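Asks: Got a structure for you, written out below as structure tokens; questions coming shortly.
Any read-out appearing in this document is the output of simple, stated calculations on the displayed coordinates, not a laboratory observation. Values in this document were obtained by computation on a predicted structure and should not be read as measured data. All Cβ positions, even for glycine, are placed from backbone atoms using ideal geometry, and neighbour counts span all protein chains on display.
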Amino acid sequence: MDFDSLKKDIIEYSKQIGIDKIGFTTANSFSTMKNRLIRQEMLGFQSGFEESDIEKRTEPSLIFNEPKSIIAIALAYPSRMKDAPQSKRGERRGIFCRASWGTDYHVVLRDRLAKLEEYIQSRIPNARCESMVDTGELVDRAVAERAGIGWSGKNCSVITPEFGSYVYLGEMITNLPFEPDEPMEDQCGTCNKCVDVCPTGALVQGGQLDAQRCIAFLTQTKGFLADEYRIKIGNRIYGCDTCQTVCPENKGKDFHFHEEMEPDPEIAKPLLKPLLSISNREFKEKYGYISGSWRGKKPIQRNAIIALAHYKDDTAVEDLIKVMNEDVRPVIRGTAAWALGKIGGRQAEEALIQLKQRETDEDVLKEIEKGLELILP
């Protein structure tokens, strides 16, 4: 089999099915990434969402029998929203990060990878392929970097010359010996903007992220957020784009190649108050198709409450009082109590005093005290 010729055909076919960039690399171990992950684990910088076995994350042979090469793909996603609704008094809005605009990227990339697998197996029936997107064992960024898709930026994203870092990544391990592409040289240079402006200091240094401090991670947690992070989140209800939007390599980059990735403005930038009372069924029907829904409605609701506090939206006081009095979840009740304190006013104060007299959950009582201290310092 002429694998050089097949590689060229795969590259051409990838364009036909909507893959914006493709690269090939060996199936050797990712030793540099392995050392980095060990260091991250020692420092306690892991999020807990990733595969826990570092060996599996860096040794393709542990997850695929006799691998010969890995194919990496990238799809560009939009960075600007058309007809974005405005946030105004009484109609304050939150924002989902760009990576959660449109259809869940896991679905989109798996579709492209499945088509690529079918094509390869139509050419070589005994070809074995195993694809993965984000939730697989391998580190997407490490594969993409070694396959020449882009370089690993100081913001811990793969940055491509064509599309900046606004790309989704996926990969496919194969038993076919394709010629590897050349990795791309780092082009961040002395630029340190992403590190300097990270809201929580999660970018410890260029290329090193403390996920426990990252807003993108924090918005996906389900418990109470520490006070220091509540004041940093702003109106973000899922994810954070700051380290991408300040990157000079992303300036002017905005691509609308894939219909599935186009955001519905009312979903990507939703009204906050309706989120406080949305049912599980309504949440799944309205938001279930986006990646930002994967943790369920609880983190989104908690973040929406924090966003209302950020805006000091006094039109939300009654909604927050209702949540504080009626919601069965302590995290939601307690966050609402804190938010009422941030917004302030006589009505909020009276509601906090009344709830304090009958609340039994210790965590919620602490939040009520915080709220009252904010109103009556």
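Asks: How many residues are part of a loop (DSSP other than H, G, I, E, B), among the β-branched types (Val, Ile, Thr) and touching a strand residue (DSSP E or B) at 6+ places or on another chain (Cβ under 8 Å) if we restrict to segment 114-168?
Replies: The number of residues fulfilling the criteria is 2.
Asks: Within segment 303-364, which helices (runs of 4 or more DSSP H) (wholly inside it) include 3 or more residues that are among the charged types (D, E, K, R)?
Replies: 317-326, 346-358
Asks: Considering each of GLU182, GLU145, GLU162 in turn, give the residue that is over 24 Å from the mean Cα position of the chain (by Cα) and over 20 Å from ASP9 (Cβ atoms).
Replies: Criteria check complete, one pass: GLU182.
Asks: Moving to a separate point now. Within segment 312-328, restricting attention to residues that are surrounded by 20 or more Cβ atoms within 10 Å (Cβ to Cβ) and under 28 Å from the mean Cα position of the chain (by Cα), which residue is nearest to SER87 (Cα to Cα)?
Replies: ASP313
Asks: Just to verify a result, which residue in segment 42-61, among those that are in a loop (DSSP other than H, G, I, E, B) and small (Gly, Ala, Ser), is farthest from GLY201 (Cα to Cα)?
Replies: Going through the qualifying residues, I end up with SER52.
Asks: I would also like to ask the following. Looking at segment 62-81, which of its residues are surrounded by 14 or more Cβ atoms within 10 Å (Cβ to Cβ) and in a loop (DSSP other than H, G, I, E, B)?
Replies: Matches in segment 62-81: ILE63, PHE64, PRO67, LYS68, TYR77, PRO78, SER79, MET81.
Asks: Here are some conditions: (1) closer than 30 Å to ASP210 by Cα; (2) touching a residue at least 24 places away in the same chain (Cβ under 8 Å); (3) in a helix (DSSP H, G or I). LEU6 meets all but one. Which one does it not meet?
Replies: (1)
Asks: Now for a separate question. Within segment 186-221, track down each residue that is loosely packed, with under 14 Cβ neighbours inside 10 Å and either more than 23 Å from ARG98 (Cβ to Cβ) or of a type in the set (Asp, Glu) (or both).
Replies: GLY189, THR190, ASP196, GLN205
Asks: Is it the case that segment 24-42 has a residue that's in contact with a helix residue (DSSP H, G or I) (Cβ under 6 Å, 6 or more places away or on another chain), without any contact (Cβ under 8 Å) to a residue 24 or more places away in the chain and closer than 18 Å to ILE173 by Cβ?
Replies: No, segment 24-42 contains no residue that is in contact with a helix residue (DSSP H, G or I) (Cβ under 6 Å, 6 or more places away or on another chain), without any contact (Cβ under 8 Å) to a residue 24 or more places away in the chain and closer than 18 Å to ILE173 by Cβ.
Asks: Being touching a residue at least 40 places away in the same chain (Cβ under 8 Å) and within 30 Å of PRO265 (Cβ to Cβ) narrows it down to one of ARG123, ARG98, so name that one.
Replies: Within the list ARG123, ARG98, the selection yields ARG98.
Asks: If you don't mind, another one. On the given criteria, is GLY150 surrounded by 20 or more Cβ atoms within 10 Å (Cβ to Cβ), more than 29 Å from LEU225 (Cα to Cα) and under 22 Å from the mean Cα position of the chain (by Cα)?
Replies: Judged against the criteria, GLY150 is a match.
Asks: What number of residues within segment 37-61 satisfy the criterion of being surrounded by 15 or more Cβ atoms within 10 Å (Cβ to Cβ) and among the aliphatic types (A, V, I, L, M)?
Replies: Within segment 37-61, residues that are surrounded by 15 or more Cβ atoms within 10 Å (Cβ to Cβ) and among the aliphatic types (A, V, I, L, M) number 2.
Asks: Has segment 228-238 got at least one residue that is of a type in the set (S, T, N, Q) and more than 28 Å from ILE71 (Cβ to Cβ)?
Replies: Yes, segment 228-238 contains a residue that is of a type in the set (S, T, N, Q) and more than 28 Å from ILE71 (Cβ to Cβ).
Asks: Which one of these does GLU171 not meet: (1) assigned to a loop (DSSP other than H, G, I, E, B); (2) surrounded by 20 or more Cβ atoms within 10 Å (Cβ to Cβ); (3) touching a Ser or Thr at 6+ places or on another chain (Cβ under 8 Å)?
Replies: Condition not satisfied by GLU171: (1).
Asks: Kindly indicate the residue of segment 246-297 that is among the aromatic types (Phe, Trp, Tyr) and assigned to a helix (DSSP H, G or I) and also surrounded by the fewest Cβ atoms within 10 Å (Cβ to Cβ) among those meeting that condition.
Replies: Quick first cut of segment 246-297, residues among the aromatic types (Phe, Trp, Tyr) only: 255, 257, 283, 287, 289, 294.
From what is left, the residues that are assigned to a helix (DSSP H, G or I) are 283, 287.
Numbers: PHE283: 17, TYR287: 21.
In this case the residue turns out to be PHE283.
Asks: Something else about it: Any chance you could count how many residues in segment 251-273 are closer than 30 Å to ILE305 by Cα and in contact with an Asp or Glu (Cβ under 9 Å, 6 or more places away or on another chain)? Break it down stepwise before answering.
Replies: So in segment 251-273, the residues closer than 30 Å to ILE305 by Cα come out as 260-273.
Next, from what is left, pick out any that are in contact with an Asp or Glu (Cβ under 9 Å, 6 or more places away or on another chain): 260, 265, 271-273.
Looking only at that region, the number is 5.
Asks: Let me ask something else about it. Where the second residue is polar (S, T, N, Q) and the first is free of Cβ contacts under 8 Å to residues at least 60 places away in the same chain and lies in segment 208-227, which pairs have Cβ atoms under 7 Å and are six or more apart or on separate chains?
Replies: ARG213/THR200; ILE215/THR200
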